[in-house]
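See structure below.
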Amino acid sequence: MAIILDHVSYIYDADTAMAHAALEDVSLTIPDGQFIGLIGHTGSGKSTLVQHLNGLMKPTSGNIFFNGKDIHDEDYDRKALRAKVGLVFQYPEHQLFEADVFSDVCFGPKNLGLSKKETELRAYEALKQVGLEDAYFYQSPFDLSGGQKRRVAIAGVLAMKPEVLILDEPTAGLDPRGRDEILGLISRLHSDTGMTVVLVSHSMEDVANYVDRIIVMNKGHVAFDDVPRNVFRHYRELEQIGLAAPQVTYVMQELKAAGLDVSVDATTVEEARDEILKAFHM
Amino acid sequence: MKNEEMLRTENLTFEYIRRDEEGNVEGITKAVDQVNLDVKRGEFIAILGHNGSGKSTLAKHFNALLYPTEGAVWVDGMNTQEDSHLWDIRQNAGMIFQNPDNQIIGQVVEEDVGFGPENMGVPTQEIWQRVEESLKAVGMYEYRKASPNHLSGGQKQRVSIAGVIAMHPKCIIMDEPTAMLDPNGRKEVIRAARALNEVEGITIILITHYMEEVIYADRIFVMDQGHVEMQGTPREIFSQVERLKELRLDVPQVTLLAYELKKRGLPVPDGILTRKELVDVLTRIYAQQT
Amino acid sequence: MLKDITLGQYYQTESKIHKLDPRVKIVATLLFIISLFVADNFTGYVIAAAFLTLEIRMSHVPLKFIMRGMKTIFFLLLITVVFNLFLTPGTALVHFWKLTITMEGLKLATMMAVRLVFLILGSSVMTLTTTPNHLTDGLESLMNPLKKLHVPVHEISMMMSIALRFIPILLEETDKIMKAQMARGADFESGSVIRRAKNLVPLLVPLFISAFRRANDLAMAMEARCYRGGEGRTKMKPLIYRKRDAVAYLTVLGYMVLMVVFGKILF
């Protein structure tokens, strides 16, 4: 069971002078339970790609399969798909609208046609999952801090009990602690529930600590798709497409070039530290 | 030139009254609390702090958009509370905001850059000169006829910067100019800010929570709960990794790596800021060891 | 769909029409619209069509781009045609069920459709070839005499130009909010009218909050850049009439004379 993209292309403003391809012949498999980092700079096609995964956008050509079924078949229930493939957009301000946090989180399950009791149960559960304290439940979502708004937005999608959770730049605009807290939360959600998580970001350093697999998008193509350390080996190519490997990757490469006996596979500060200490026999 | 005073605050305090839905007073929040700082002409200053630490409220005092509840602010020797100086202060201390879309007024890049000089009553001929110079200074001259809606975030911010430069300010205050940009956009904006500081000698006050952006600053102020909690050179500030983490901030990855290595006993100095520094230090230690 | 609205969307290119003084274009567009209602015969519309064709050709704006504006008035057009077609009394032409198409109805429907289409095309050419800033400058200048009557002319034109700048931004934002709510199972497309109106709440609340926030930010940014109303303000692009503007005025005048003579009096 998985999401499969088969030769998917998407062309903006097709048949006008301004036509340009946002996705070009993308084929990918997203198996159950994986934690994926989707990286690319603005305009690389990463946001377009994720909107295809829950059927918000329809490919100009190619097919998308969810659990073996083509999601653009005529009789396919795309509304149900959106509950299974949950997408949290970049700005929580784009989805928060109710007078209080709890009602806002109820919006998703209510749209699924669930009973009032089930809706409220799910909302409560989701808010607990994102670690929001009860004291905030009946506050206006607009009075919350950036990090808390982000949590409520994630809860709003979790309440639909998705099998796949996609987050578009969930840390944009947060301060370092806020960023670490949200990333920690997402990582915990993945390990606790075992759901598939796709984390869209433009920061390699942010995702390197958490994900199993990195997909790098560039100009509508998949440029790299591998485990983090293998992707970071291409740090020179990454630089050419306007991205950068984490700083530690460069440090390890340069140390090795200077003759130190270190492996260049370290992707996080902890791994780099241990690797350097080993070289110094400490 | 660096000894002349550009900006100074004295016991600056800013309070606002929180009200509930019926308008009753719920309490008073001190967004800025007894801040004393001074900035010399030509300096590159960074103000760090987590969201809600008061750094943006502080910044709005430098352009007379907010006035102190207590204490005072002097910009280029002028007290911001004296009405007669208002327009001189706003012309001398330009301001860049976080959201690139919400500060561009013009429909065409060059018209937006001309907006400030128009307001100041600069003659038409000179507006054109200023617009040209300013757009060239930020590398956006070739986009002068473009619509701002077709630019990237980094480009929009550079247009905003040009709009401020066209007013010939002595100082530019940038209030989280990179918070909504991607890494490329962030680099563009920081590069433009550094160039203005080094080439044109404009004083820059950069407010941010991205640590990599401030390693070239002359001095850093770190804010928390409306106070200035730390101040010093980047090296002095980034030596205190634990303290920064307490303040909801972090340090660049290389600084953190150097700090971790030191904790485990390698003789690495405090406050390593760049990759090159760390690699040089480690290879030197390695050579001594073998 | 939201991208299709071209009104207020400037098309960047070099042309003689682009270079004209906005006042000329505003006056010409007004006269053109008046001329459409003055003329009531075939010859008149041929002249109008010729004038419009010339204008579009000279503007160097691709026809496709101009036509996009038509999509948004399609329904208005349809309703106008249907009403005129079936509800005008006169000589019956076709008769089926309870409906009758009359000769007069056919004529009237065609005329109204042509007027509406020409009206939109004509004003689209103006908005596509003139930056909204220029347009508001032109309006401000044309309305200047009203200042004596204490009409806040500068403020009105500033408001218009800001509104125009933020329309595309807010449209894009609407699209994003719709998608964010659809990802939570919101439905904007089906149900009764009341149901649909109710379903718009999750779209409108975030949109209004965002618009207020933007307005607040923009006001602050304008103040920071020394904006203090129209008093003592200079212009980067002051409006000065040139020779080509005189030529354009004369051309429009010539067109009006033709329209009155051939479109109204002669036939």
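Panel note: contact residues of the stretch B:76-91 (accessible area lowered by at least 10 Å² against the chain on its own; 1.4 Å probe) correspond to B:Trp87, B:Arg90. For the protein assembly as shown, the per residue solvent-accessible surface stands at 45 Å², with DNA, RNA and ligands left out and a 1.4 Å probe. Approximating the spin labels as points 7 Å out from Cα along Cα→Cβ, the C:Val205-to-A:Asn63 distance works out to 4.1 nm. Helical content of chain C, expressed as a calculated mean residue ellipticity at 222 nm, amounts to -23000 deg cm²/dmol (DSSP H runs of 4 or more residues, -39,500 (n - 2.57) each, divided by residue number, nearest 500). Please report how far the C-alpha centroid of the stretch A:248-269 lies from that of the stretch A:128-146, rounded to the nearest whole angstrom. Cα centres, the stretch A:248-269 to the stretch A:128-146: 43 Å. Entry note, chain A: relative contact order of 21 percent, from Cα contacts under 8 Å with a spacing of 6+ residues. Here each label is just a point 7 Å from Cα along the line to Cβ, and for B:Gln81 and C:Ala246 those points are 6.0 nm apart. Atom-type composition of the exposed protein surface of the stretch C:1-137 places 74 percent of the accessible area on carbon and sulfur (1.4 angstrom probe).
Once you have a ≥ b ≥ c as the square roots of the Cα gyration tensor eigenvalues for chain B, tell me rounded if a/c is under 1.5, and otherwise prolate or oblate according to whether a/b is larger than b/c. Oblate shape, in that a/c is at least 1.5 and b/c is the bigger or equal ratio. Can you pull a Stokes-Einstein diffusion coefficient for chain C at 10 °C (1.306 mPa s), Rh from Kirkwood over Cα pairs, as a whole number of µm²/s? For the chosen part, D equals 73 µm²/s. Loop-located trypsin sites (Lys or Arg not before Pro) across the stretch B:103-193 with a Cβ neighbour count of 15 or fewer within 10 Å are B:Lys145, with loop assigned by DSSP.
Other protein chain C-beta atoms within 10 Å of residue C-beta, averaged over A:173-186: 4.
For the stretch C:171-223, applying the loop criterion from DSSP together with a ceiling of 13 other beta carbons within 10 Å to the chymotrypsin sites (Phe, Trp or Tyr not before Pro) yields C:Phe188. Across the stretch C:130-255, Cα-Cα pairs farther apart than 24 Å form 53% of the total. Inter-chain Cβ neighbour count for B:244-254, averaged per residue, equals 4 (cutoff 10 Å, partner chain atoms only).
Mean Kyte-Doolittle hydropathy of -1.0 or higher plus an axial Cα length of 20 Å or more: which whole DSSP H helices in chain C meet both? Both cut-offs are met by C:22-38, C:42-59, C:63-87, C:103-129, C:153-182, C:201-224, C:243-260. Restricting the GluC sites (Glu not before Pro) of the stretch A:88-192 to loop positions (DSSP other than H, G, I, E, B) with no more than 10 neighbouring Cβ atoms within 10 Å leaves A:Glu133. Given +1 at the Cβ of Lys and Arg, -1 at the Cβ of Asp and Glu and no other charges, the dipole of the stretch A:30-105 around its Cα centre is 300 debye to the nearest 20. In the stretch B:105-172, the ratio of gyration radius to Kirkwood radius, Rg to Rh, stands at 0.93 when only Cα atoms are counted. Size of chain A from its Cα atoms: along the principal axes, largest to smallest, the extents are 66, 52, 35 Å. Each peptide in B:222-234, C:238-250 was scored by the mean count of other Cβ atoms within 10 Å over its residues; highest first, the order is B:222-234, C:238-250. Kirkwood hydrodynamic radius of the stretch B:97-253, from the reciprocal of the average inverse Cα-Cα distance over all distinct pairs: 16.6 Å. Heavy atoms of chains C and B lose about 3300 Å² of accessible surface on contact, summed over both sides with a 1.4 Å probe. Cross-link pairs exceeding 24 Å in C-alpha to C-alpha distance, out of B:Lys170/C:Lys237; A:Lys110/A:Lys161; C:Lys25/C:Lys176; C:Lys64/C:Lys237, comprise B:Lys170/C:Lys237; C:Lys25/C:Lys176; C:Lys64/C:Lys237.
Using a ≥ b ≥ c from the Cα gyration tensor of the stretch B:38-87 (square roots of the eigenvalues), is it rounded, prolate or oblate, where a/c under 1.5 gives rounded and otherwise the larger of a/b and b/c decides, a/b for prolate? Oblate.
Mean-square fluctuation check for chain A, GNM, Cα pairs under 10 Å: which of A:Ala245, A:Ala258, A:Ala159 is largest? It is A:Ala258. Could you work out how far helix B:275-289 tilts from the main Cα principal axis of chain B, as a 0 to 90 degree angle to the nearest 10? Helix B:275-289 sits roughly 10 degrees off the main axis of chain B.
Of A:Ala123, A:Ala272, A:Ala153, the residue with the greatest mean-square motion in the GNM of chain A, using alpha carbon springs below 10 Å, is A:Ala272. On the principal axes of its alpha carbon atoms, the stretch C:68-177 extends 56, 43, 24 Å, with the longest extent given first. Using equal-weight Cα scatterers in the Debye expression, the normalised intensity of the stretch A:39-141 in log10 at q = 0.15, 0.20 Å⁻¹ is -0.79, -1.10. Estimated purely from DSSP H runs of n ≥ 4, each contributing -39500 (n - 2.57), the mean residue ellipticity at 222 nm for chain A is -11500 deg cm²/dmol once divided by its residues.
Start at zero, step by 20 Å, and the Cα-Cα distances of the protein assembly as shown spread as 13, 40, 35, 11, 2, 0 percent across the bins. Placing pseudo-labels 7 Å out from each Cα toward the beta carbon at C:Lys147 and C:Ser15 gives an inter-label distance of 3.3 nm. Relative contact order of chain C: 32 percent, from C-alpha pairs under 8 Å at least 6 residues apart in sequence.
Result for chain C in a Gaussian network model with C-alpha springs under 10 Å: among C:Val151, C:Val114, C:Val27, the largest mean-square fluctuation is at C:Val151. Take each residue of peptide B:107-119, count the partner chain Cβ atoms within 10 Å of its Cβ, and average: the result is 6.
Between 0 and 90 degrees, the angle of helix A:176-193 with respect to the longest Cα principal axis of chain A falls at about 70 degrees. Helix A:269-279 and the long axis of chain A differ in direction by around 20°, with both axes built from C-alpha atoms.
The values are calculated or read from the model by the stated rules, or taken from the named source; none is laboratory data. On a predicted model such as this, the values are computed, not experimentally measured, just so you know. Note: ideal-geometry Cβ built from the backbone for every residue, glycine included; neighbour counts use all protein chains shown. SASA here: full protein model, heavy atoms, side chains in, ligands and nucleic acids out. Shrake-Rupley method; radii C 1.70, N 1.55, O 1.52, S 1.80 Å.
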